[in-house]
Amino acid sequence: MIKIKYLGLGRGITVSNSTENTVSLTDIRGNIANGTLIVLSIIAVPALIFSLLRIQSIGWQPVMGLHLVAASVIWAATLARKRTGYPIRAIVIVGVIALIGLGGFLNFALNGAGYPFFFASVIFATVLFGKRGGFVMLFLALLSITVIGFAYSKGWLGLRFDPGAYNVEFRSWITAFFGFSMLGCGAIAMIVGLNQALMRSISLLLEKRVRLEEQVNERTLELRQEIEERKNVEQALRVSEQRYHNVVDTQTEMITQFTPDGIFTFVNYAYCDFTGKSSEQLLGTSLYDAVPEDEIGDLRTYIASLTAKTPHREIENQIRDLDGVLHHFEWSNSALFDDTGILTEIQSVGRDITERKLAEQVRDQFFAAMDKLDAAFALFGADERLVFCNRYYRKLFESFGTAEDFLPGIKYENMLRKFVENGVLNITPEEMEDWIQSRLSDFRNDQMDVEVNYANGSHFKVTSQKLADGSTVMFRLDVTELKEKQLEAEKANMAKSEFLSSMSHELRTPLNAIIGFSQLLESNPKEPLSGNQHGYTRHVVEAGQHLLNLIDQVLELSKIESGNFEPVMENVNAPDVIASSLEMVRGKAAERGLVLVNETVDQNFPQLRTDRIRLLQVLLNLLSNAVKYNRNGGKVTVEAESLATGFLRIKITDEGFGIPRA
């Protein structure tokens, strides 16, 4: 398709045929400007010399300086024409010519060269800037003539040579004004007309050129198509004549050619290797010899279904190898017909898909096993789309009334959105996006282990694992019953804690009474106790206090279980606590004849910052074991050592047999 568009004066002509070419007046005017600058720079040399030589006859005149400036500007613009834009070059040309004309009028009135130079400036403005440029220059020239003529008539300007000459009268300038107006308008009209005629001529030439190029391209395309068709015909002839040469024996696929009744006309090396027979042994035999009997009927029906409209079809069947083992093959068949449309031969390319079939069988068995699993199982592909879900999974979402939304192919993200939209989860619309992004982040990790609470009150543990190929297996386990039992256990534990708290209170009351009366016995001055009695009451008080501490520990144990335990930190004298703990186990030690040795007596240890009750409890546990597992008549030793780190090391040693080494 040819497009020819005349853009008007100063714009250009566009001719397109697939690609777009533009012929612009700017380029033409740029060349005119360059040529004009070169001509003016050459003319400026003799003109400047002539102007300066007149100094001898008329003396120095201001216009001579103007000539010198104009020549310098022209020469500079000519030298820099390749580095300056077209508008600047055009302005220099029009401006210099107009400037020389203005100088002529100012210095010589109508006697000088002002008139022709102004006329030249209008012509060049029209050529270089178009109609608007010409009229602008014409207006400036007429304005200059009017102003200068008025100045001469008023005596503001005067001629140095002939002050009474006619050209200082204003009517002479008016005559020049009208004459210049008519001449300038005519010049502009002529140049514009020539310009438009030139552009139309260029347009016609370009149109003819494009049409010629189009005809050449069309003919070239026809020749290329003819050459391509001839190549295709030649290639088809070569394929038809050398069809046996197209089958390469080095290919791993099994390639055969056989007649419609199944007689081999060609077999490649791969087929020979599979059957363990040479091509000479196979050619002329029937392909049905290696096919199981129960598949022969289907294969004959398939061959009979090949037509000229459907010559290319695929089929899967089994054939026996050298050892008689059946293999699954996928065959791509191409039927060849003669000019009358009768089937003459079938070319077949076979690929062994036994491993793929076995993999599919294993996959089907796996999916069948997963389908019977009493847990929700799903498989997602690397693209996060659902590939398979078992019966339990489908049944789970049927119970939510959303099973039709979770068919294979749905993306995991869309599945999450369906959960929220169908009200399966206790998620508000405002929380939906944050929840979905959080679950997607968990899903895209290598492993996921989260618990989901559904709106119907059920609880499910959702676990997933990324596989090597990027797919994801997911299990949903119903832990509703487990959560209920856990809740019951928590309630029972709370009840136990309440019971212990109550019983501890009931026990503390009589214990406090026992401790109180024992302390009264110790401090009664009217009935003082003997030394042995005083020791006995002291043991009663200490044992009661220890039992009271144990009751407090039971309460603290309940606090620990509820997460509310806080140790009571205080300054503790270690030797005092060690001595108290030894006194509490001394009775048990005496029963077995054990000697208790306290190496911390009279030693100066720094105060410990710890929980006194906890420390006493730890020491009692260690000492009880030392007494229990010691030999009869043995010894239990307690030592302490201050460490440089600011800690105190307490060591309890017994003489028991210990734990034998493995």
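The values are calculated or read from the model by the stated rules, or taken from the named source; none is laboratory data. Keep in mind the model is a prediction, meaning the values are calculated, not measured. So basically every Cβ, Gly included, is an ideal-geometry build from the backbone, and we count neighbours across all protein chains shown. Quick note on the areas: whole protein, heavy atoms, side chains included, nothing else; ligands and nucleic acids left out. Shrake-Rupley method; radii C 1.70, N 1.55, O 1.52, S 1.80 Å.
What the table shows:
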| quantity | calculated |
| --- | --- |
| For segment 436-483: accessible area per residue (Å², 1.4 Å) | 52 Å² |
| Chain lengthening between Trp156 and Leu79 when straightened (0.36 nm per residue, less Cα-Cα) | 23.8 nm |
| Whether segment 398-484 is rounded, prolate or oblate, judged on the alpha carbon gyration tensor where a/c under 1.5 counts as rounded | rounded |
| Anchor Lys651: aspartates and glutamates whose Cα lies under 12 Å away (excluding residues fewer than 8 positions away in-chain) | Glu599, Glu639, Glu641 |
| Accessible area expressed per residue, segment 33-127, with surrounding protein chains retained (probe 1.4 Å, Å²) | 48 Å² |
| Within segment 39-119, trypsin sites (Lys or Arg not before Pro) in DSSP loop having at most 10 other beta-carbon neighbours inside 10 Å | Lys82, Arg83 |
| Per-residue HN-Hα couplings for segment 277-283 [Karplus 6.51, -1.76, 1.60; θ = phi - 60°; Hz; x = Gly/Pro] | 10, 7, 5, 5, 6, 8, 4 |
| Reach of Lys485 by Cα under 21 Å, taken over lysines that are not fewer than 8 positions away in the same chain | Lys461, Lys496 |
| Shape box of segment 286-388 [Cα atoms, principal axes, largest first, Å] | 62, 36, 21 |
| Near-label residues of segment 409-439 by backbone N, under 13 Å of a point 7 Å along Cα→Cβ of Asn445 | 438-439 |
| Residues of type aspartates and glutamates that Lys277 reaches as a straight line, Cα spacing below 15 Å, ignoring anything fewer than 8 places off in the same chain | Asp249, Asp289, Asp321, Asp323 |
| Segment 30-79 shape via C-alpha gyration tensor axes, a/c threshold 1.5 | prolate |
| Where Ile148, Ile263, Ile514 fall by accessible area, highest first, once all protein chains stay in place (1.4 Å) | Ile514, Ile263, Ile148 |
| Diffusion constant of segment 334-418 at 10 °C, which comes from Stokes-Einstein with the Kirkwood Cα-pair radius and 1.306 mPa s, µm²/s | 97 µm²/s |
| Per residue accessible area in Å² of segment 231-377, where ligands, DNA and RNA are left out and the probe is 1.4 Å | 61 Å² |
| Low-density loop positions, trypsin sites (Lys or Arg not before Pro), segment 297-394 - DSSP coil, at most 14 other Cβ in 10 Å | Lys309, Lys372 |
